[in-house]
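Some notes on the structure that comes next.
Read-outs: derived from the displayed coordinates by stated rules, not from any lab. Predicted model, so just to flag it, every value in this text is computed and none were measured. Virtual Cβ from ideal backbone geometry, glycine too; neighbours counted across all protein chains shown.
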Amino acid sequence: MQRSMLFLLALILASCQPGVYKHGNKNERAMAHLKANLEFLASDALKGRETGSHDIKVAAEFIRSRLEMYGLQPYGENGSYFSNIPFQKQGISDSSSITLIKGKTRGHYTVNRHFYAYRGGDSSYQGVEQPLVFVRFGIEDSTFEYNDYKNLDIKGKTVVLLLGEPERQGDSTFFNGARPTKWSRSSAIKRKLAREKGAGGIIVLLSPRGMNMWKNMKRFMGSSKLGLAQKQDHEIPEILIDSTLARNMFDIRDLSYDQMYKKLQDPDYDGSVLNGRSIQWNLKDQTEKITGHNIVALLPGSDPALAGEYILVGAHYDHLGMRNGQIYNGADDNGSGTVVVMETARQMAHIKGNKRPVIFVWFTGEEKGLLGSKYMIEHAPFRDNIRAVVNMDMIGRESADSIYVLASGLSSSAYHALVEEANKKSARFVFNYSLDSRDHPDRILYRSDHWSFAQKGIPTVFFTDYHHTDYHKASDDVDKINFLKLKKAVELTRQTVLDAANGSDDFIRDNWTEEAK
Ligand SMILES: [Zn+2]
C-alpha cells in the first residue's frame, strides 16, 4: 500500500509541468494541458485503465488532482470527487464440475471444457441433484400464442433449452419469419423467464452456428465478468454446454450436431428421454465485490433561480487494460474525450460565464457495458434535473476539419439547433450525421455513455471520430492523436455547454415519443 501510494504521487508530480501552463497564449496553454494530461493518462504506467484494476485508480486520482487545481467543486459522495459504484466480478472456480446421472451411470464434466457458466449459483446448490426437464426453446409469448412451458412442472428442476426460436416453413407471421424477435437475441431473457417460473437450474444448448465457435468463446465465457452488483435474493446455476455433453444427455450419437439440433427443435420431439435423468451441481462461485468510481465535479452557475437545472458534460476514462502481456493505452478511446472534458472544465472554471450549473463527469465501466453512466442515471441525486448532455468518446483521430455528431435531435429539435449554432460560433467543424441513425449497422448511437441519458429522452449530443484502424488495439497510442482536433473539440464543447447553460429555450422534447425509446 505504502509503496503504491508513493508510486502514485511520484507519477503525478512527474507529470506536473507548471511552466508549460503559465506561458504562451490561450491556444498554446490549451494545447499544453491537453498534451500533458493525455501523455500521462495514456502512458504505459497506467496499464490500460481497466475498470476494477488498481491502475484505473491512479487515473482517477490524477483527474481528481487536476480538478482540484482547476478550482472545480467535488460533486461525488461525501464531499469527494468520487461517486462509488458497486461492481461485482462474477466468476467460478476452475475446479467446478457437474455430474450427469442416467440411472446407474454417472458422467463427470468440468467447467470451461464441456460447459461454460453464466452463473455459479448460491453455495446452497453445492452437491444438489435436480431432475432434468426439456423445455425446447424456453419461450412463452402470447403474441404468437406459443408456450414451451405448457403443462410442465419445472419447480426446483433443471430446465434444458435451445437458443433461437421456432419457425414454420413459409409462415412469415410466426417468430423469425420476417425478422428475428427478441427471443433470438440472447439467452438472457429465456434464462430470466425460467428463473421466474421457478427453475432450480438452467442448461442452454447453442445453435449449430454457435457451437462452431465453442473454443473461441472461452476468452469471454471462461473468464470472470465485471458488472453492476445485483441485489438478488438467490442465484441458481446457469450453464451453456458443448456438443459432447448435449449428445450424452439426449443419447443422440448417430447424428451430427446440426441434425440433432433440428430434431430437438421439432414440435413432435418431446424430450421424454430426459425423464428420470438428473444433474448434480458442483459449481463453486467466486464472485468478488469491487468498488469503482465515476469522477464528478461541479461548476456552480451564477443564477440561483436556475440552480436546479444541470448541464452534464461527460466522457469515459476507463479502457481495456492488458491482454496477452500487451498494454492497451486507449489514447483515443477514450483518453481523448477524457482530456477534452478536463480542459473544458479548466477553461470554464476560469471564465465562470455559466448561469446554470455544469456537472463534469468521467465515467468508469464504459468498456464493460456503459456501467458508470447506467449507474449514474439510476442513482445520482441530480438524475431528474439534467437539462442537457454532451458526451464524447474517441475524438482525437481522423481529420481536424470534421466530426461525427449523433443523437442531438433524437429528443429535442431545439437542442439539435443549439449544437449546430454553437459549432458555427466556435470550432466550425463539418458535422457528419451519417452515423446518426437507429438502423445504422454499426449501432454507434447505442455504444457510448450518452445512450444512458438519451434513452430517457434527455436532450443529448454525442461527438466521435469513427476511427477504425487502431480501435481496441494496443496501437491506440498518444503519438497518433490529432491535438488540433482535441483543441477544436474543447471549443465546440465549451460553446455548446455555455449556450445550453445560459439560453432560455426549454428544449421541448418534440421528437420524443414513448415508442422512440
Ligand atoms: Zn470508448
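Shown in residue order for the range 133-146 are the 3J(HN,Hα) couplings computed by the Karplus curve 6.51 cos²θ - 1.76 cosθ + 1.60 at θ = phi - 60°: 10, 7, 10, 6, 7, x, 10, 10, 9, 5, 3, 9, 6, 10 Hz (x for Gly and Pro). If r is the Cβ-Cβ distance from Arg106 to Tyr471 and R0 is 41 Å, what FRET efficiency results, to the nearest 0.05? Computed FRET efficiency for Arg106 and Tyr471 comes out at 0.30. Calculated [222 nm] ellipticity per residue, helices only, for the chain: -8500 deg cm²/dmol; basis is -39500 (n - 2.57) per DSSP H run with n ≥ 4, divided by all residues, nearest 500.
With the cut-off at under 12 Å, measuring from each backbone N in the range 443-485 to a point 7 Å along the Cα-to-Cβ line of Gln326 picks out 470-477.
Highest average first, the peptides 332-340, 290-298, 461-469 ordered by how many other beta carbon atoms sit within 10 Å of their residues are 332-340, 290-298, 461-469. Spin-label model, Lys26 to Gln265: label points 7 Å out along the Cα-to-beta-carbon direction sit 6.4 nm apart. Placing dummy labels 7 Å off each Cα toward the beta-carbon, the span from Ala305 to Ser504 is 1.0 nm.
Note on the range 97-282: with charges restricted to the Cβ of Lys and Arg (+1) and Asp and Glu (-1), its dipole about the Cα centre is near 680 debye. Most tightly packed first, judged by the mean number of other beta-carbon atoms within 10 Å of their residues, the peptides 306-312, 420-426 read 306-312, 420-426.
Between Glu420 and Ser437, full extension at 0.36 nm per residue minus the direct alpha carbon distance yields a gain of 4.4 nm. Net charge dipole, the chain: roughly 1000 debye, given to the nearest 20, about the Cα centre with Cβ charges of +1 for Lys and Arg and -1 for Asp and Glu. DSSP bridge analysis restricted to the range 370-499 gives an antiparallel fraction near 30%, rounded to the nearest 5.
In terms of distances greater than 27 angstrom between alpha carbons, the cross-link table entries Lys102/Lys157; Lys89/Lys487; Lys89/Lys192 yield Lys89/Lys487. Under 13 Å of direct C-alpha separation, and excluding same-chain neighbours fewer than eight residues apart, Lys374 reaches these aspartates and glutamates: Glu366, Asp449. Report, ordered by chain and residue number, the aspartates and glutamates lying within cross-link reach of Lys155, taken as a straight Cα distance under 12 Å and ignoring same-chain residues fewer than 8 apart. Filter leaves Glu196. The magnitude of the dipole of the range 342-470, with charges of +1 and -1 set on the Cβ of Lys/Arg and Asp/Glu and taken from the Cα centre, is near 620 debye.
Bridge orientation summary for the chain: considering DSSP beta bridges with both residues in this region, about 60 percent are antiparallel.
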